[in-house]
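The values are calculated or read from the model by the stated rules, or taken from the named source; none is laboratory data. Predicted, not measured: the structure shown is a model, and the values here were computed from it. Quick reminder, even Gly has a Cβ in these numbers, built from the backbone with ideal geometry, and neighbours come from all protein chains shown. These area figures cover heavy atoms from the full protein model, side chains too; ligands, DNA and RNA do not enter into them. Shrake-Rupley method; radii C 1.70, N 1.55, O 1.52, S 1.80 Å.
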Amino acid sequence: MNKRMLSTLTMCATLILSGCAPHHHDNDKEVKVSLPREFNPKQLDAQGFDAPMPVYSAVYQSLVKYGKNGKIEPGLATSWDASNDGKDYIFHLKHDVKFNDGSQFDASAVKFSIERAKATDTTDPMETLDKLQSVTVKDKYTIEIKLKEPSNQVLPELTQIRPLRIMSPHAVKDEKTTGKFEKAIGTGPFKVAESTNETVTFKPNTYYRNGHPLDYNLTFQSIEDSDSRHLAIESNSIDITGGALGQMTPQQVKESQRSENLKVHKYPSTETQFMGFNPQHKVLQDKKMREAISKAIDTNELSSNKKLKGLFQSGVQYVNSDNQHNHRYAPKESEKLIKELGYKKNSNGYFEKDGKVLSLKLALQTDEFPEWKTKAVIMQQALKNIGIKLDINVLDAQTYYETLTVRKDFDLIYYRTYTNALMPYNFLNARFKQADQQPGAFADDAKLTSMIKEFSSIINMNQRQQEFDRLSNYIDSQYLVVPISYPDETFVTSPKIKHFQFSGQTDAPINFDKLKVSNHD
């Protein structure tokens, strides 16, 4: 048994035992939620990227929200006006809203948060930040955002978990936009109370909803592997798991469904899980090789419940039958394409060229995505059948993300699209576009980069749809990805949870306002 598993099982046992002891919280109701990795509340900066995404919405709120069917709805802003050229946005803010330290929410806090996000972001910024010209306080409850160039992404980006949620200037040293983060101060339903190495506890924000706070405490519990999460929910030592809170395998979900005490909740998702190719790998730079690998894989074996087509699920904005096509399984064509590239099969049935076997490494992680290993084994056999050797490299979550974004020493890698209003533009911009003459994570294509850049500046909806059709079909024609799953949003809750409602936003899945909690299991 490895060290991490032993540590996690010990933690689960502790939780089970502690569940029998009396609680001494000010509020008897407590909800324990799993997370697939640890975090430090000292890193819960609204403009930062260091904490797990489901945590941010417990403390911080957004100007606008991602609503049903992708509709943008009021958040801290009650209404807004946008200029016809897509360069000027005016937001009218709620009155009588306070931060969890009792200070007033107003336009100056919005200006601080957006300018802080611009000043501190060291990654490839969002469109709103990249094109930002100015943020102006028109009056106490009116804020204007001006852009240097047109963008159709301002409202979608403002719905997101980070880095544009609103934080009090009191949260940082000297209230400066570049000041050191000191304390999580937002207008959301909770505030940080206490933490250990594996848990962070939040208490209700007494100023929430104009002095009508929620009636339960919240604890995030780090449980890194799905087996331990399953054990914890089965024993009622946690109350909510699943989705971005820590995915479970299909078998674990079935076991939870058979339990008399647990409830399983399923909702549609906008996420796709896929296999991407390293654009810097010499062999994979050839479109014929990518096509051969794609056609060697029967995606019906990877997804028994949903027909896999292109990179995006049908619930994603702009996606339709004109831009998402059925995946083609044609292993004989795969072998023909590889032979055309000068490869011949050896006595072991593998293709080789210049004395080197055609061998590839597939990187993945199972902390957040426990089902990926099973899919990788299926894919390994499919590629072996046509003469490609595939080595599976299972990494811990941190090493996995470093492999994707820093070291880039993978051949093939499993990944997932972003979700909700970040789709499809922000995902394509972040992972497929060239930047500073460097390739994207999954493409090194000047034509594709040009199309992605063009898309974000198109204000007319009909023209935007046409451009997305062209862009999506181009990705398909270049065999840049192989879809491996169109997952649902699946959650499991304990008997303590009397009502659970998915927020509609994958990265902040719990609708805290609608959650109904009993005092006892």
- Message: Please list, in order along segment 218-235, the HN-Hα scalar couplings obtained from phi with the Karplus expression 6.51 cos²θ - 1.76 cosθ + 1.60 (θ = phi - 60°), rounded to whole Hz, x for Gly and Pro.
- Response: 10, 10, 8, 10, 6, 9, 7, 10, 5, 4, 6, 5, 5, 4, 5, 6, 5, 8
- Computed over the Cα atoms of segment 277-372, the Rg and Dmax in Å are 16.1, 49
- log₁₀ of I(q)/I(0) at q = 0.16 Å⁻¹ - segment 137-186, Debye sum with one point per alpha carbon: -0.66
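Compute for segment 385-509: radius of gyration divided by Kirkwood radius, i.e. Rg/Rh, restricted to C-alpha atoms, rounded to two decimals.
Working: Rg = 18.1 Å, Rh = 17.5 Å.
We get a ratio of 1.03 for segment 385-509.
Which whole-number percent of Cα pairs in segment 80-149 have a distance greater than 16 Å?
52
Rounded to whole Å and ordered largest first, report the semi-axes of the equivalent ellipsoid of segment 130-257 derived from its Cα gyration tensor (root of 5λ).
On the way: eigenvalues 263, 87, 43 Å².
Taking √(5λ) for each Cα gyration eigenvalue gives 36, 21, 15 Å.
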- Task: May I ask you to compute the full-extension gain from residue 470 to residue 170, defined as 0.36 nm times their residue separation minus their alpha-carbon distance, rounded to one decimal in nm?
- Result: 103.3 nm
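What ratio of Cα Rg to 2.2 N^0.38 Å holds for segment 170-243? It would help to have the intermediate numbers written out before the result.
Working: Rg = 15.9 Å, N = 74, 2.2 N^0.38 = 11.3 Å.
Normalised Rg, Cα atoms only: 1.41.
With Cβ to Cβ distances under 10 Å as the rule, what net charge do the other residues near residue 273 carry (K, R +1; D, E -1)?
Details: positive: 375, 416; negative: 271, 371.
My count for the surroundings of residue 273 gives 0.
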- Pop out the carbon and sulfur fraction of the accessible area of segment 114-208 as a percent, whole number, probe 1.4 Å. 44
- Full extension between residue 361 and residue 148 adds, at 0.36 nm per residue less the Cα distance, a length in nm of 72.3 nm
- Kirkwood radius from Cα pairs of the chain plugged into Stokes-Einstein at 10 °C, 1.306 mPa s, gives D in µm²/s equal to 65
- Message: At q = 0.13, 0.20 Å⁻¹, what log₁₀ I(q)/I(0) does segment 56-188 have when each alpha carbon counts as one equal point scatterer in the Debye sum?
- Response: -0.49, -1.25
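Considering only Cα-Cα distances, which of the following residue pairs are longer than 20 Å: 65/176; 266/516; 309/375; 361/384; 111/138; 266/307? Intermediate values should be presented prior to the final figure.
Values: 65/176 27 Å; 266/516 18 Å; 309/375 17 Å; 361/384 13 Å; 111/138 11 Å; 266/307 18 Å.
Pairs exceeding the cut-off: 65/176.
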- Item | segment 271-288 - phi-based ³J(HN,Hα) in whole Hz, Karplus 6.51/-1.76/1.60, Gly and Pro as x | 8, 10, 9, 8, 9, x, 9, 6, x, 9, 7, 4, 5, 7, 6, 7, 4, 4
- Item | Orientation-averaged projected area, Cα convex hull of segment 447-521 (nm²) | 8.0
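So, counting K/R as plus one and D/E as minus one, what does the shell of residues with Cβ under 10 Å around residue 144 add up to? Mind dumping the intermediate values first?
Working: positive: 111, 138, 146; negative: 81, 88.
Computed value for this residue: +1.
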- Item | segment 22-93 versus segment 315-334: alpha-carbon centroid distance in Å | 34
- Task: Rank by packing, highest mean first: peptides 419-428, 138-147, 356-365, with packing defined as the count of other Cβ atoms within 10 Å averaged across residues.
- Result: 419-428, 356-365, 138-147
- Message: Run the reach check for residue 71 against aspartates and glutamates, Cα to Cα strictly under 16 Å, same-chain hits fewer than 8 apart removed. What comes back?
- Response: 81, 157
- Can you check what the net charge comes to around residue 344, using other residues whose Cβ is under 12 Å from the Cβ of residue 344 (Lys, Arg +1; Asp, Glu -1)? 0
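What does the convex hull of the alpha-carbon atoms of segment 331-386 project to on average, in nm²?
Result: a mean projected hull area of 4.5 nm².
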- For segment 210-330, what number results from the quotient of the Cα radius of gyration and 2.2 N^0.38 Å? 1.47
- Query: How big is the Rg/Rh ratio for segment 312-433, C-alpha atoms only, Rh by Kirkwood, two decimals?
  - Reply: 1.02
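Suppose R0 equals 51 Å. What FRET efficiency, 1/(1 + (r/R0)^6) with r the Cβ-Cβ distance, do residue 396 and residue 210 give to the nearest 0.05? Display every interim value, and only then the final one.
On the way: r = 44 Å, r/R0 = 0.86.
Once rounded, the FRET efficiency stands at 0.70.
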- Message: Can you compute the helix-only [θ] at 222 nm over the chain? Use -39500 (n - 2.57) per DSSP H run of at least 4 residues, normalise by all residues, nearest 500 deg cm²/dmol.
- Response: -8000 deg cm²/dmol
- Query: Ranked from the most accessible area to the least, with a 1.4 Å probe and all protein chains present, what is the order of 406, 482?
  - Reply: 406, 482
- Query: Which distance in nm do the two modelled labels at residue 37 and residue 463 give, with both placed 7 Å along the Cα-to-Cβ direction?
  - Reply: 4.0
- Item | Whole-Hz ³J(HN,Hα) from phi, Karplus 6.51 cos²θ - 1.76 cosθ + 1.60, for segment 181-195, glycine and proline x | 5, 10, 7, 6, 10, x, 9, x, x, 10, 9, 5, 10, 7, 8
